[in-house]
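Following: one structure in structure tokens, then a few remarks.
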Amino acid sequence: MNEQEIMAEIKDANLSYLMLAQQMIRADKAAAIFRLGLSQDIADLLEGLSNAQLLKLSSFNMMLTRFRFDDTAILGMLTSYTKDRLQAQAHAAILMAGQGVEEIA
């Protein structure tokens, strides 16, 4: 992949993420805030964006999403395929729920 193709993929990923986030927020705001790791203010902003605003926001050449965890233990729980995979995922979700919400400053 060349740099131009990578930038196009980033823009596509941004648009997909923003559309999904907006759809989730409109369907069930409380669940979306939890699952996306957003603050109430950011969720309110995303909910009110028009399609044109979503397109403009997605066109930045940097990813708008990031991993919500910096802990290798959480990453290990999410990627391990043990006998009790559901329990590992539930435990990871509990640990992630305890982390603070990221806010755009």
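The values are calculated or read from the model by the stated rules, or taken from the named source; none is laboratory data. Remember, it's a predicted structure, so these values are computed and weren't measured experimentally. A quick note on method: Cβ atoms are made from the backbone with ideal geometry, for glycine too, and the neighbour counts reach across all protein chains shown. Note: accessible area is taken over every heavy atom of the protein model, side chains too, but ligands, DNA and RNA are not part of it. Shrake-Rupley method; radii C 1.70, N 1.55, O 1.52, S 1.80 Å.
Numbers below:
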| item | result |
| --- | --- |
| Leading residue by the ranking (farthest from the chain's Cα centre (by Cα)) among those in the range 34-50 that are in contact (Cβ under 8 Å) with a residue 40 or more places away in the chain and on the phi < 0 side of the Ramachandran plot | Asp41 |
| The range 31-50 - residue that is assigned to a helix (DSSP H, G or I) and open to solvent by 50 Å² or more (accessible area, probe 1.4 Å) and, of those, farthest from Ala90 (Cα to Cα) | Leu45 |
| Unmet criterion (only one of (1) farther than 30 Å from Ala90 by Cα; (2) in contact (Cβ under 8 Å) with a residue 24 or more places away in the chain; (3) among the polar types (S, T, N, Q)) for Asn14 | (1) |
